[in-house]
Amino acid sequence: MLKWLYIILPLILLSPEITAGETPEEKGLAIAIEAERRDTGWKNQLSDMEMILRNKQGEESKRTLNIKTLEVENDGDKSLTVFDNPRDIKGTAFLSYTHALEPDDQWLYLPALKRVKRISSTNKSGPFVGSEFAYEDLSSQEVEKYSYKWLRDETLNGKETFVIERYPAYEYSGYTRQIVWIDKSIYQPLKVEYYDRKNALLKTLTISNYRQYIDKFWRSDSMLMVNYQTGKETLLNWKNYQFNNDLDERDFDLNTLKRSR
Amino acid sequence: MKPLLFIACLLFSFMASAHELTASVGSETRYFPQEALTPPQNYHFNQSFVFQAEYFHEWDDDRQLFAVTPFFRVDQHDPERTHFDIRELTWLKASNRWELRLGIRKVFWGVIEFQHLVDIINQTDLVENIDGEDKLGQPMLNLALINDWGTLDLFVMPWFRERTFPGTKGRLRTQPRVNTDLSRYESGAKEKHVDFAVRYSHFFGDWDIGLAHFYGTSREPQLLTTVREGEGVLFPFYDIINQTSLDVQATKGNMLWKLEALHRSGQGETYNALAGGFEYTIVGLLGSVIDLGLLAEYHYDERGKEAPNIFDDDIALGTRFAFNDASSSELLAGLLVDKDNGGKFFNVEASRRLAARWFLEMEGRFLFDQDPGDPGFSLRRDDYVELLLTYYF
């Protein structure tokens, strides 16, 4: 499906700039395809994450974890997440094979019992370890996950952006729509507004401090998710991105999950 | 390679790799509201402290690992519960098509929540908790062969670990008590009998399956009666058994279907046992972020009342609340009902983080209407509530 789009779409849409007769839907899709094209081919990556949870009263709690990700062509990525802090969940590991339109395959490893549990993943809208991020906010963003509509071009904090609206295709998504501000120069999102199932503004994600790795791929150092309905927020600080690692499918199987530390 | 050079290389790789040392200490207080069945057990409060450390290295691009996990508990009343164990002392080497794991380890098999029917590699550390989830470290050589069609795990276990049992002063024990000094074995090699196991595991779409065979010393002993110094006591008898088992889980949306089954020979009459059920999760209960899990399981053991456990013909119902908050609060409540005689076992477990290094757990276990023929009968006065506070260094 995706390969077919790659061949056909550039023929129809010579550039993501609006062309004669292009509808806002076509333009939105073209932007999403271009964003995915530019972020394809990174193969695998390692990174550390610090997650700071803040409640309405400003009380903070912190989690640290590391994530290995394997790029999978024509499907969602595979990832292995291992928690380091808080200490009571240290060594807990989470293996996920994501899929665009079907439930992901997810396994949890509980180090105290040495037990691997396959877990239900139909609902991707649940909170990730008590944070304001849902599973679906953190998983890979394949083009097929949404349908699109370009709204307008806008300057956001001095950066030229495309503003597009996208509608989740996944039946159990927690959102009716999202509005995304995409930096025109790097085709990466700077801001996302999430609208809940009742179409009320639920939360806003602000993504900042993009850096380029291996001369090609842009990754942000900082993501702030603010939930308007609860007053809580979660800050993700990404550290130690590493590319070109010697990782393959074997590093994302159930045997590797069981020896994760 | 010359041994010295080999050791030097090994040391160098140790230095150049990730080291980590972590530890925790826990304070466990149990309150037993009822009078005990015998005078030596007759106290209401029991205080206990538990210490566990873990040291590990990873090197060779995380393809080799060394880990050691010592465990120690000191108990106020029961000297049998004051004990030390090496939970883990293991070296692991991972390659593309295989993993070799050598040393003392813990291995878990199974999918069911109320009991762990097919889980057989490790001996139960029964003095820790009657739920049977605490295990003694098992010495083993384990080779996993990793194929496209699944993983084949081969186990050789050269040393058997005896089950731990509470002493005279311990609550939550059989009446009369089990004297582990009198343990007997079917095999003349006793605990040196070499046990073997093989397990195939894989997943096919949303199905996860495990098929295993175990040959060796039964982890679950028969408890036989004898008289010592005028006192009737039980002693464990460890048979040599063959056990074939199956565990399956089908993950269908928010519904998990689970089944464990086994066929065992060599321990009295050949028998079958089964545990099956489901866990259904309501995600975002009533518009909140709380997940509610509903569990129902059926447990059957062909030995009936002869079975040394309480899962002979029982229905289990449970609820699991995951609050998805910053403190990772959870609450699990379960009820096990014996279909034949109406004996009931009620269980509640709750936990939450108090601060980054502090974790609090609460546990309550209550037995009702236990029939004299049931193993639960000797625990009928041992209802308890436990508070466990753990600090992580």
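The values are calculated or read from the model by the stated rules, or taken from the named source; none is laboratory data. What you see is a predicted model, and the numbers here were worked out from it, not measured in a lab. So basically every Cβ, Gly included, is an ideal-geometry build from the backbone, and we count neighbours across all protein chains shown. The protein model used for the area step is the full one, side chains on, heavy atoms only, and it has no ligands, DNA or RNA in it. Shrake-Rupley method; radii C 1.70, N 1.55, O 1.52, S 1.80 Å.
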Between the stretch B:260-332 and the stretch B:109-127, the alpha-carbon center distance in angstrom: 12
For chain B, calculated [θ]222 nm from helices alone, where every DSSP H run of n ≥ 4 adds -39500 (n - 2.57): -1000 deg cm²/dmol
Net charge contributed by nearby residues that have their C-beta within less than 10 Å of A:R63 (K/R +1, D/E -1): -1
What accessible surface, in Å², does a 1.4 Å probe find on B:F366, ignoring ligands, DNA and RNA and rounding to the nearest 10? 50
Have a look at A:T176, A:V129, A:Q242 and report the one farthest towards the positive end of the charge dipole of the stretch A:2-258, computed about the Cα centre with Cβ charges (Lys/Arg +1, Asp/Glu -1). A:V129
Counting only GluC sites (Glu not before Pro) that sit in a DSSP loop (anything but H, G, I, E, B) with at most 10 other Cβ atoms within 10 Å, what is the longest stretch of chain A containing none of them? A:74-170
Applied in sequence order to the stretch A:110-119, the curve 6.51 cos²θ - 1.76 cosθ + 1.60 (Karplus, θ = phi - 60°) yields integer Hz couplings, x standing for Gly and Pro, of 9, x, 5, 9, 6, 9, 9, 10, 6, 10
For the stretch B:254-261, Karplus couplings with θ = phi - 60° (6.51, -1.76, 1.60), whole Hz, Gly/Pro x: 7, 10, 10, 9, 10, 8, 10, 8
So the carbon and sulfur contribution to the accessible area of the stretch B:18-392, 1.4 Å probe, in percent, is 61
Within the set of other residues whose C-beta is less than 9 Å from the C-beta of B:T281, count the net charge using Lys and Arg as +1 and Asp and Glu as -1. -1
To the nearest 20 Debye, how big is the dipole of the protein assembly as shown about its Cα centre, given +1 on the beta carbon of each Lys and Arg and -1 on that of each Asp and Glu? 1160
Could you pull out the pairs from A:K258/B:K339; A:K43/A:K198; A:K43/A:K117; A:K124/A:K232; A:K78/A:K159 whose alpha carbons sit more than 29 Å apart here? A:K258/B:K339; A:K43/A:K198; A:K78/A:K159
For chain A, how big is Rg over Rh, using alpha carbon atoms and the Kirkwood form of Rh? 0.96
In Å, descending, principal axis extents of the Cα set of the stretch B:18-392: 60, 60, 42
Given the C-alpha centroids of the stretch B:360-393 and the stretch A:226-261, what is the distance between them in whole angstrom? 38
Once the whole set of protein chains is in place, how much accessible area is left on A:S222, using a 1.4 Å probe, in Å² to the nearest 10? 20
May I ask for the equivalent-ellipsoid semi-axes of the stretch A:123-226, computed as the square root of five times each C-alpha gyration tensor eigenvalue and listed largest first in whole Å? 22, 17, 13
Cα centre as origin, Lys/Arg/Asp/Glu Cβ charges: the stretch A:2-258 dipole, Debye: 840
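Write down the accessible area per residue of the protein assembly as shown in Å², having rolled a 1.4 Å probe over the full set of protein chains.
45
Looking only at other chains, what is the average number of their beta-carbon atoms within 10 angstrom of each beta-carbon in A:247-260?
Shielding by partners across A:247-260 averages 4.
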Cβ-defined net charge surrounding B:F204, 13 Å radius [Lys, Arg +1; Asp, Glu -1]: -3
Give the calculated FRET efficiency between B:K252 and A:K56 to the nearest 0.05, with a Förster radius of 35 Å applied to their Cβ-Cβ distance. 0.40
For B:H57, B:H19, give me the order by solvent-accessible area with a 1.4 Å probe, most accessible first, ignoring ligands, DNA and RNA. B:H19, B:H57
Rg followed by Dmax, in Å, when the protein assembly as shown is reduced to its Cα trace: 27.6, 102
Is there a simple number for the mean count of other chain Cβ atoms within 10 Å of the Cβ of residues in B:85-95, and what is it? 1
With Cα atoms, 0 to 90° folded angle of helix A:24-38 axis to chain A main axis: 50
Counting only other chains, and only Cβ atoms inside 10 Å, what mean value do you get across the residues of A:105-115? 4
